[in-house]
Amino acid sequence: MPRSIRSYKYDGPHATQDAFSPPTRRCHPIVNLSLRSPGVLASASLLLLFVISVTAQGQQQTAELSMSSSSSLPDAPLPQWSPQSSSGRSSSTEGAATVSGIVLDDTGATIPGAQVRLTHGDGTQTLRLTSGGGGEFTFMGLAAGSYLIIVNAKGFAPFTSPEINLSPQQVYQFPHLTLSVGSVGTEITVRPTEMIAAEQIKAEEKQRLIGVFPNFYMSYVHDAAPMTTRQKFSLATRDSFDPVALIGVGLTAGIEQANDTYPGYGYGAAGYSKRFAARFGDGRCSDFLSHAVFPALFHQDPRYFYQGTGSTKSRLIHAASFAIVTRSDSGKTMPNYSYFLGDIGSGALSNLYYPHADRGVGLVFTNALIGIAGKAGGTIIQEFFSKRLTTNVPPAGAP
């Protein structure tokens, strides 16, 4: 007969014995595991496993929270495009694509140092790099999408690729990235003709024989710009009232008085003053009529153009003929109306202030012939000797 199972209940110091069993000594066992049934045992095992699982999970969460709060490291940066990236690479991300290629010229030779840009199809966000020694370039860590490649290299025309559509993890090798040679641009500065002529006239006003006598109407620039009417009058004024020219007038008047030329003027200071005024009038009238008034009316250039090359005979003919033929403002050869009419006009005006005994038609033509002969002789001297004796001669090829 099996032994009866005794049950005890502890209720502190006054615990009482169960009514179903005889009295015995006090003890505290709660269960006797060896005597429990299999169903109770299985339930206890499942309960124990559940408690262990919940405890382990709580400890793991506590450890993670502790590590998160105690870490001093900053968060890792997210991948992003740089507007001025020198390497052309962004942070590697899962599914990132790659674009690479080689920059070539028309002959198939590589082009190192080319500036390569990769932009989104909408033109926003750009990656930049410089092609390597073999013309190669590589953009890495690219998100899927559409892109354009733009290449610039010195001496070559800019290149823009068709749109490239990248898928995740795609490795794209760009084909036929060839640059054509850029067209050579010629920069031409266009200046008004009047401005060029003004610069040439300014240079001519610095020319002086042996550094003293004005040589303003000698052009060493063969294809000089034509002068405007205003410039013709300005140069005539500058030449006529040059201090050296006025000194020459005074010397000539003194020689005439010493030789008793034009005795009607008398002698002494009064005679010298009249002779000075007559020579001054002759010169100023001749200068303005020959160099400004008639050149403006007939559109002729009053300057003598230095030949400087060719045989002695050709240079002699060129110089001597200047009193008869000259250059028009358009560059054509035409009769030198300006000098001939200028000398005639100057002679005619001289009848207004020369002594009555010396006036008449003879005076007019005499002065005209003297003027023409003087110009012919002067240009011959200028052609063969003036360049070596003139200061501030512009260099060859001057504008």
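Read-outs: derived from the displayed coordinates by stated rules, not from any lab. Because the structure is a prediction, the values reported are computed rather than measured. No Cβ is skipped: glycine too gets one built from the backbone with ideal geometry, and neighbour counts run over all protein chains shown.
Could you give the length gained by full extension between residue 385 and residue 170, i.e. 0.36 nm per residue of separation minus their alpha carbon distance, to one decimal place?
Values: separation 215, 0.36 × 215 = 77.40 nm, distance 8.30 nm.
Result: 69.1 nm gained on full extension.
How much length, in nm to one decimal, is gained on full extension between residue 255 and residue 307, taken as 0.36 nm per residue of separation minus their Cα-Cα distance? Working shown, then result.
Working: separation 52, 0.36 × 52 = 18.72 nm, distance 3.52 nm.
Extra length available between residue 255 and residue 307 comes to 15.2 nm.
How many angstrom separate the Cα center of the stretch 139-167 from the Cα center of the stretch 329-353?
After rounding, the separation between the Cα centres reads 74 Å.
Would you please give the residues with an amide H less than 5 Å from that of residue 172, counting only those at least 5 places away or on a separate chain, with H modeled from the backbone geometry?
For residue 172, the qualifying residues are 98, 99, 100.
Scan the stretch 302-399 for trypsin sites (Lys or Arg not before Pro) in coil per DSSP, keeping those whose Cβ has at most 13 other Cβ atoms within 10 Å, and list them by number. Provide the component values of the computation, followed by the final result.
Working: sites: 303, 313, 315, 327, 332, 359, 375, 387, 388; in loops: 303, 332, 359.
Taking the stretch 302-399 and a limit of 13 other Cβ atoms within 10 Å, the loop trypsin sites (Lys or Arg not before Pro) found are 332.
At R0 = 35 Å, how high is the FRET efficiency between residue 267 and residue 212 if r is their beta carbon distance? Nearest 0.05 is fine.
0.70
Select from the stretch 93-178 those GluC sites (Glu not before Pro) which occupy a DSSP coil region and have at most 16 other Cβ atoms within 10 Å, ordered by residue number. Each step should come with its number before you reach the end.
Working: sites: 94, 136, 163; in loops: 94, 163.
Passing sites in the stretch 93-178 are 94, 163.
Cβ neighbours within 10 Å, averaged per peptide: list 318-326, 304-312 in order, most packed at the top. Could you put the intermediate results ahead of the total?
Values: 318-326: 17.4, 304-312: 13.9.
The most tightly packed comes first, giving 318-326, 304-312.
Would you mind checking which residues have amide H under 5 Å from residue 166's amide H? H placed 1.01 Å from N; only 5 or more apart, or other chain.
Distant-sequence amide H within range of residue 166: 145, 146, 147.
About its Cα centre, what dipole magnitude does the stretch 289-399 give when the only charges are +1 on Lys and Arg Cβ and -1 on Asp and Glu Cβ, stated in debye to the nearest 20?
Values: 9 positive and 5 negative charges, 71 e Å.
Dipole magnitude for the stretch 289-399 comes out near 340 debye.
Beta carbons within 10 angstrom, averaged per residue: use that to sort the peptides 286-298, 267-279, highest first. Display every interim value, and only then the final one.
On the way: 286-298: 21.6, 267-279: 15.8.
Descending packing order for the listed peptides: 286-298, 267-279.
Please order 195, 227 by the number of other Cβ within 10 Å, starting at the fewest.
Details: 195 10, 227 26.
By the 10 Å Cβ count, ascending: 195, 227.
Just in the stretch 108-171: which trypsin sites (Lys or Arg not before Pro) are loop by DSSP and have at most 11 other Cβ atoms within 10 Å? Please report the intermediate quantities before stating the final value.
Details: sites: 117, 128, 154; in loops: 154.
Passing both the DSSP loop test and the Cβ count: 154.
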